[in-house]
Amino acid sequence: MSRHVFGRGTGLPTASHAEGAVIVDRDGRHYLDGSGGAVVTSVGHGVREVVDAIARQARQVAYVHGTAFRTDELDAYADELAPLLPVDDPRVYPVSGGSEAVETALKMARAYHLARGEDRHVVIGRHGSYHGNSRGALDASGRTGLRAPYLPWLGQARHTTTPYEYRCAAPSHPTGCGRWHAAQLDALIGDDVAAFIAEPVAGAALGACVPDDEYWPAVAEVCRRRGVLLIADEVMTGFGRTGRWFACEHWGLRPDVLVAGKGAAAGYWPLGLAVCSGRVHDTIAAGGFTHGFTYSHHPVGAAAGRAVLRVLAGRDLVARSAGLGDALDRALRDRLGDHPAVGDIRGLGLLRGVELVADRPSRRPFPRSARVAERVVAAARDHGLLLYHSTGCANGSDGDVLLFGPPLVVSTDQVEEMAQRCAAAVRVVLGQ
Ligand code: PLP
């Protein structure tokens, strides 16, 4: 073990090999991956088609700069992806991950307004949201814990309310919440606002919160009426995760800009995408887009993304995500639905969250000092199950959520196994 790696944890096992939804460490321990890492490995490990496509492209052209050459691979990828995207006449700007995609989307919004002669620059995000750790993306994010050390660098973005059904702030809850949240957004918009960014289904930050059906139509109407670009962050929800190709489809939402990452290349390549509509693209193109990264428009990334697309389509994994997601939901409810510390089980497709509470009737969260989510995740690991977690959902500090986002290739038996091991871990930490 090298001391020269600036690592992200202590006492971590060393991954040796992996297949499908199972990772094996150097000591031969098997881990059932309930979260695909950070909800990344959608097609699972060991998919030959993806590995071969990457090798083939790397042999042919390993790298060219995006301002010097086009590549057939990227053109083909964009053409295959375009019909699946919930964006009108989509234009794909590939980058190296979710944060870069968000930065690109924010700059697209700024460039769009500048090209129209409007000095709009403010971005509105939502409380409790997460859009990445680079500075622009972090400023749009509403997660106070992640923002705290860097506050002197932040503060340009504004934040509005989040449709968090379990802890909804709308006075009329459970009626009219979506329209109430849209009105909060409307009230925050001034002439300086360029874009509103949000996840269609709140992923890691709030643990698979699904808004009520009125939310997205009402928000889209506000953005359209106020001339604000709508950016859908589908870094976590995209590419089949919620049982549709993109979560926007659940509400017929057509954002001006969509960002993706994670499942786009399923962990085989660090690929992110910022996709804008033809209207936004053409407006920006007239004035030029001052932006770019060394590794944007990467031909090997395009090969990886294209191969993943084909695996998702060829194995019908999006429909599988919907069906197995329902199975996971049922299995979690069977085993944990009555547990006094389980406040809520929620999600869509194979993106599912379990919110843990100290008191179910009042929904009081555990104090942060109890580190409940971390302890349950550690206990699950002891039971051979990997989970993702989030904290601070209730008030920025307290609030514990377990997140499931397994590879879409998991079997029904593995889904049952995940729920059973998760329930065992919850009981180890929180008793009956
Ligand atoms: N947006 C969302 C919704 C995310 O969940 C994440 C990562 O978890 C990001 C953006 C940032 O992506 P990355 O970590 O690839 O930079």
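Only a single criterion out of (1) within 16 Å of the ligand (Cβ to nearest atom); (2) within 17 Å of the chain's Cα centre (by Cα); (3) hydrophobic (A, V, I, L, M, F, W, C) is not satisfied by Phe293, namely (2).
Could you list all residues from segment 85-109 that are of a type in the set (D, E, K, R), more than 16 Å from the ligand (Cβ to nearest atom) and under 16 Å from His291 (Cα atoms)?
Scanning segment 85-109 gives a single hit, Arg91.
Out of (1) away from the ligand (no atom under 15 Å from the Cβ); (2) farther than 21 Å from Val228 by Cα, what's the single condition that is false for Tyr112? Condition not satisfied by Tyr112: (2). If the condition is being within 16 Å of the ligand (Cβ to nearest atom), within 17 Å of Ala379 (Cα to Cα) and touching a Gly at 6+ places or on another chain (Cβ under 6 Å), then segment 5-43 contributes only Ser35.
Residues in segment 41-86 that are surrounded by fewer than 22 Cβ atoms within 10 Å (Cβ to Cβ), β-branched (Val, Ile, Thr) and more than 11 Å from Ala307 (Cα to Cα): 4 in all.
Looking at this structure, is Gly37 within 30 Å of Glu416 (Cα to Cα) and not assigned by TED's automatic domain parsing to the domain that holds Gly384?
No, not satisfied.
Just one of Ala137, Ala183, Ala195 is aliphatic (A, V, I, L, M) and open to solvent by 30 Å² or more (accessible area, probe 1.4 Å); which is it? Every option except Ala183 fails the conditions.
Counting the residues of segment 296-319 that are open to solvent by less than 10 Å² (accessible area, probe 1.4 Å) and outside any helix (DSSP H, G or I) gives 1. Number of residues in segment 320-354 that are touching a helix residue (DSSP H, G or I) at 6+ places or on another chain (Cβ under 6 Å) and either at pLDDT below 95 or in a helix (DSSP H, G or I) (or both) equals 7.
Residues in segment 140-163 that are touching a residue at least 24 places away in the same chain (Cβ under 8 Å), within 16 Å of the ligand (Cβ to nearest atom) and open to solvent by 30 Å² or more (accessible area, probe 1.4 Å): Arg143, Gly145, His159. Could you look through segment 112-153, keep only residues that are at pLDDT 95 or above and β-branched (Val, Ile, Thr), and pick out the one that is farthest from Arg368 (Cα to Cα)? Looking at residues that are at pLDDT 95 or above and β-branched (Val, Ile, Thr), I get Val122.
Hey, does segment 381-388 have a residue that's acidic (Asp, Glu), open to solvent by 40 Å² or more (accessible area, probe 1.4 Å) and within 21 Å of the chain's Cα centre (by Cα)? Within segment 381-388, none of the residues are acidic (Asp, Glu), open to solvent by 40 Å² or more (accessible area, probe 1.4 Å) and within 21 Å of the chain's Cα centre (by Cα). Hey, can you tell me all the residues within segment 355-371 that are part of a strand (DSSP E or B), out of contact with any strand residue (DSSP E or B) (no Cβ under 6 Å at 6 or more places or on another chain) and open to solvent by less than 40 Å² (accessible area, probe 1.4 Å)? Those that are part of a strand (DSSP E or B), out of contact with any strand residue (DSSP E or B) (no Cβ under 6 Å at 6 or more places or on another chain) and open to solvent by less than 40 Å² (accessible area, probe 1.4 Å): none in segment 355-371. Only residues that are buried (at least 23 other Cβ atoms within 10 Å of the Cβ), under 29 Å from Val401 (Cβ atoms) and out of contact with any His (no Cβ under 8 Å at 6 or more places or on another chain) were counted across segment 99-134, and they come to 10. Against the conditions (1) farther than 29 Å from Ala38 by Cα; (2) acidic (Asp, Glu); (3) in contact with a helix residue (DSSP H, G or I) (Cβ under 8 Å, 6 or more places away or on another chain), Asp191 satisfies every one except (3).
The values are calculated or read from the model by the stated rules, or taken from the named source; none is laboratory data. Treat the numbers as computed from the prediction; the structure is a model and nothing was measured. Ideal geometry is used to build each Cβ from the backbone, glycine not excepted, and the neighbour counts take in all protein chains shown. Ligands, DNA and RNA are stripped out before the accessible areas are found, and what is left, the full protein with its side chains, is counted by its heavy atoms. Shrake-Rupley method; radii C 1.70, N 1.55, O 1.52, S 1.80 Å.
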